[in-house]
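Following: one structure in structure tokens, then a few remarks.
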């Protein structure tokens, strides 16, 4: 019932908004804008005294900022946002500057750091303030000085030599695309390094039986969990695969808009994206349409439907359909948009909560998973964080794509 009410409300919103651009009617707020306001009201995605001890805060701020930047290019932020989106973007970016200007820290930190590039460039583009350019230059230098394995793949984190995670694909793809588009458009090495990293992750982590990708790999094959042939970790974690699939569809869009890839590279990314879309849909839960924390093990004791990865897949599937990368049905006959909308409806009905203060809450987002002890028991026992930005930001992106579908902004 809630889903039906939501759909009717959103259709009414878009009919009303058609005459005034993408303004929002306060009586039928789209979930993307509502969740954005909620994150801002809670101050969840800014580096401050409340969040400074969160080991993932840099990634979260960068992810949320890039999400809001995209959202306000589609919606009128002044009519759609009850909070001040513009000021929050500025405050969030500025809160990152002291950490990001630390070159050694950028080199030794997880690859999360490079998810901040879009937030910093957005402010540089607006103001031409030299400090933002200095931050971007520091990040670029750090990327080029980070350690890599014998095949040229980036280590995810200097603390863990030779380990590469699917998680790195999103920040690496985002920052590499930004740098090549706006700073060095003729530098082909940027795309070569990015494609090499994506290829290595796919080649090492691929599960031949399902087509899905494991969480990461050890290039040295010395970890106790590493596959003796590939170095791959043993399990498919939904959010790690979500980062990878989001990175692919965003990279395709950037390639088609800005030429960040050669035609051969673009076609290779498309093949990866398309094949993964089919295998991801094949692994969806039959009842909810969403995805389990440990994929390939749906229904097993301790496993659960996880919000961040599910939202990422909704986003990547709907975006691919909107841009023409997916059309019709999978080889097994499931409609691409049907699969995405089924999961989105479940998320709205079962994990989104309307709080007493008027904000939206989001449940069932796992905190952080690493490759330190990648057992099944490890993945299903990691804490669940209510209102984690790792869940709310992808949910905003999924909602935005869902709303665009309802508006008719589709091929």
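Read-outs throughout are calculated quantities, based only on the coordinates presented, and are distinct from any laboratory measurement. All figures in this text were calculated on a predicted structure; none of them were measured in a lab. As a convention, Cβ positions derive from the backbone with ideal geometry for all residues, glycine included, and neighbour counts pool all protein chains shown.
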Checklist line | Cα centroid separation, the range 267-291 to the range 155-224 (Å) | finding: 19
Next item on the list: Taking percent of Cα pairs over 41 Å apart as the quantity of interest, determine which of [x] 52; [y] 8; [z] 17 was computed from the displayed structure.
Entry: [y]
Item checked: Pairwise FRET efficiency - residue 282 versus residue 43, Cβ, R0 = 35 Å, nearest 0.05 -> 0.35
Notebook entry, point to check: Comparing 333, 320, 298, which has the greatest mean-square fluctuation in the GNM of the chain with Cα pairs linked when under 10 Å apart?
Noted result: 333
Notebook entry, point to check: For 385, 209, what ranking results if the residue with the fewest other Cβ atoms within 10 Å of its Cβ goes first?
Noted result: 209, 385
Notebook entry, point to check: Given labels modelled 7 Å from the Cα in the Cβ direction, how far is it in nm from residue 368 to residue 296?
Noted result: 2.6
Next item on the list: Using a cut-off of under 14 Å, list every residue of the range 318-337 whose amide N is near the label point 7 Å from the Cα of residue 275 along the Cα-to-beta-carbon line.
Entry: none
Note to self: Using 0.36 nm times the number of residues separating residue 76 and residue 222, minus their current alpha carbon distance, what extension gain do you get?
What the structure shows: 47.4 nm
Notebook entry, point to check: What order do you get for 404, 111 when you list them from fewest to most C-beta neighbours inside 10 Å?
Noted result: 404, 111
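Using just the helices of the chain, give the 222 nm mean residue ellipticity in deg cm²/dmol: DSSP H runs with n ≥ 4 each add -39,500 (n - 2.57), and the total is spread over all residues, rounded to 500.
Values: 16 runs with 228 residues, N = 411.
When only DSSP H runs of four or more count, the value is -18000 deg cm²/dmol.
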Notebook entry, point to check: Measuring from centroid to centroid over Cα atoms, what is the spacing of the range 87-152 and the range 317-384 in Å?
Noted result: 28
Next item on the list: Neighbouring Cβ atoms within 10 Å as the yardstick, rank 68, 380 fewest first.
Entry: 380, 68
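Can you tell me the FRET efficiency between residue 83 and residue 141 if r is taken as the Cβ-Cβ distance and R0 is 60 Å, rounded to the nearest 0.05?
According to the calculation, E is roughly 0.95.
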